[in-house]
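The values are calculated or read from the model by the stated rules, or taken from the named source; none is laboratory data. All values reported here derive from a predicted model rather than from experimental measurement. Cβ placement follows ideal geometry from the backbone for every residue including glycine, while neighbour counts extend to all protein chains displayed. Accessible surface areas use protein heavy atoms only, side chains included; no ligands, DNA or RNA. Shrake-Rupley method; radii C 1.70, N 1.55, O 1.52, S 1.80 Å.
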Amino acid sequence: MTEALTIRSLTTTTELEDVRALESRVWGEEEATPVHQTLTAVKNGGLVLGAFLDEKLIGFQYSFPGFDGTCVYLCSHILAVDPAYRSMGIGAKLKHAQRQESKKKGYSYISWTYDPLESANGYLNIGKLGAVCSTYIENCYGDMNDPLNADLPSDRFVVEWASAEDTKRAQPPYTPPDQIMEASLTQWTLTDEGFPSVTGIDEKWLNRDVVSVAIPAAFQQMKEVSPSLALDWRMRTRYVFQTCFAKGFQVTNFMKYPGSSAPVHFYILTKKEVQK
């Protein structure tokens, strides 16, 4: 089906109204991004991309210019796919189209935030796209009331992704999967409901060049069944990631736990100096 997918830049008020309607359906928000905001961004170096099947909008990506004090980059703010069309690789296709447009516009890199405990986003952003992260923001957006974020601090990773693909980029040192699973900083066990629960944080692995951090594979389902367990994962992993980043690690890869019903997946963090 995705062979018929088309992605194009959206610039008209009518197109951006459709984007706003899709955002409301996906996020469950009545106050989606106003059209006057996305239209202004598009007219001033920003970008709204739409993914279409048979001329039906099924996904979009919205970004605008940012400045880090040295160079101008593209700040990727929202990516959404219609729930009926998920798990089809549409998000990745939108990101690759965004990268192409970012390069055309002369941006140095693309940056965005996401919840590090959302394993599907971690797999896409880090594992498939190859973005990296060494910045963690506590409660980045304050209290959020949409279904995905309600009742938890809105902690976020800030990732960076080069606009031009660097085929010579050094890959992290290879570590066998069994060692990655064994040497996770977050140790866990299964609850009676089948969700992972943190049993401790093993900091002895911080003397290695490569470490791993286990996260729940199904964070939203966990939150529905046990909000307290989800909050514990939030606070424990907040400490782990902030500790790792302070010691010179960055997130460079994502590994899925073997098996179709895995309880956890793993971020892989590498000391920056070993990636030269």
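Remarks
- Checked against the criterion of being within 22 Å of residue 26 (Cα to Cα), surrounded by 20 or more Cβ atoms within 10 Å (Cβ to Cβ) and modelled with pLDDT under 95, the candidates 152, 117, 94, 148 yield just one match: 152.
- If you go through region 19-36 and pick out every residue that is assigned to a helix (DSSP H, G or I) and farther than 19 Å from residue 98 by Cα, you end up with 7.
- The listed residues are 240, 213, and the only one of them that is without any contact (Cβ under 8 Å) to a residue 60 or more places away in the chain and in a strand (DSSP E or B) turns out to be 213.
- Candidate set from region 216-234 (those that are free of Cβ contacts under 8 Å to residues at least 60 places away in the same chain and either assigned to a loop (DSSP other than H, G, I, E, B) or open to solvent by 60 Å² or more (accessible area, probe 1.4 Å) (or both)); member that is nearest to residue 115 (Cα to Cα): 221
- Residues of region 27-44 satisfying the condition of being farther than 14 Å from residue 8 by Cβ, surrounded by 15 or more Cβ atoms within 10 Å (Cβ to Cβ) and not polar (S, T, N, Q): 27, 32, 35, 39, 41
- Taken residue by residue, region 248-270 has at least one member that is closer than 21 Å to residue 156 by Cβ and surrounded by fewer than 16 Cβ atoms within 10 Å (Cβ to Cβ).
- Residue within region 63-74 that is part of a strand (DSSP E or B), without any contact (Cβ under 8 Å) to a residue 24 or more places away in the chain and within 20 Å of residue 96 (Cβ to Cβ) present: yes
- Being more than 20 Å from residue 28 (Cα to Cα) and either open to solvent by 60 Å² or more (accessible area, probe 1.4 Å) or not hydroxyl-bearing (Ser, Thr, Tyr) (or both) holds for only one residue in 79, 74, 57, and it is 74.
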